[in-house]
Amino acid sequence: MFGILKNNQRTVITKRMLKEGLLRLLKTKSLDKINIVELCNESGINRTTFYRYYELPKDILNEMQAEFMEEMRESMKKLQTEQDLEQILIYLQDHSELVTLFIRYNSDEEWTDMFRTLHQDVCDAQILKDLDAESEELFYTFLAGGTYFLLRQWLIAGMDKSPKEVAAIILRIINKKTIF
């Protein structure tokens, strides 16, 4: 039992060291210019240990994004008020450097899928009452893509809008005064 716990702690620490090392390197280099030897040196981890968990430095960033996305999905499941949405936007703004890396190096599809789920949960059913299944799919695709690119522009361009103002824009787009 204690051996398993010790190995799990070691894994968590090793992965954290690699993630932190990668983030430090990404401040000065693009992901495609970071090699495994350099990452291992920066992280204080040997190459054999790196290969135990990952194949490429991008795998680390993908794992970080997956963890971040899971946190976001859990937060979105609890959305009930405009203030809840504002809190999610504050979180995104507080982590904008990390989110920018995810956007730069990973696909837009995961983000739009997450926002599609959000819109399906909060969108007024009256808007959809006359739509067939394909039209409904296009409707949610439009909303999800729009929300994603709105947030992307807000965070990456560093627009001077507060999370509350951005939440109000999103709610206006989906034609809601409040989420519930």
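Each value in this text was obtained by applying a stated rule to the coordinates, not by laboratory testing. Nothing here was measured: the structure is a model prediction, and the numbers come from that model. Positions of Cβ are backbone-derived with ideal geometry, glycine not excepted, and every protein chain shown enters the neighbour counts.
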Relative contact order (%) - region 1-92, alpha-carbon pairs under 8 angstrom, separation at least six: 23
Length released on extending from N35 to E67, taking residue separation times 0.36 nm less the Cα-Cα span: 9.2 nm
Cleavage-rule hits, trypsin sites (Lys or Arg not before Pro), region 26-87, DSSP coil, Cβ neighbours within 10 Å at most 15: K27, K29, K78
Farthest toward positive dipole pole in region 117-171 [+1 Lys/Arg, -1 Asp/Glu at C-beta], among G158, A125, I170: G158
From phi via Karplus (6.51, -1.76, 1.60), per-residue ³J(HN,Hα) for region 20-31 in Hz, x at Gly/Pro: 5, x, 4, 4, 5, 5, 5, 6, 10, 9, 7, 4
In degrees, nearest ten, helix 133-156 long axis to first principal axis of the chain (Cα): 60
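What relative contact order, as a whole-number percentage, does the chain give when Cα pairs under 8 Å and 6 or more residues apart are counted? Provide the component values of the computation, followed by the final result.
On the way: 126 pairs, mean separation 39.8, N = 180.
The normalised contact order for the chain reaches 22 percent.
So if we plug the beta-carbon distance of K27 and K161 into 1/(1 + (r/R0)^6) with R0 = 25 Å, what FRET efficiency do we get, rounded to 0.05? Provide the component values of the computation, followed by the final result.
Working: r = 26 Å, r/R0 = 1.02.
That pair, K27 with K161, gives E of 0.45.
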Net dipole in debye of region 48-177 [+1 Lys, Arg Cβ; -1 Asp, Glu Cβ; about Cα centre; nearest 20]: 360
Modelled FRET efficiency - R0 30 Å, T117 with T81, Cβ distances, 0.05 increments: 0.95
Spacing of the two label points (7 Å from each Cα toward its C-beta) at T100 and I127, in nm: 3.0
Per-peptide average of other Cβ atoms within 10 Å, ordering 103-109, 39-45 highest first: 39-45, 103-109
Rounded to 10°, Cα long-axis angle of helix 96-105 versus longest principal axis of the chain: 80
Helical mean residue ellipticity (222 nm; -39500 (n - 2.57) per DSSP H run of 4+; nearest 500) of the chain: -24500 deg cm²/dmol
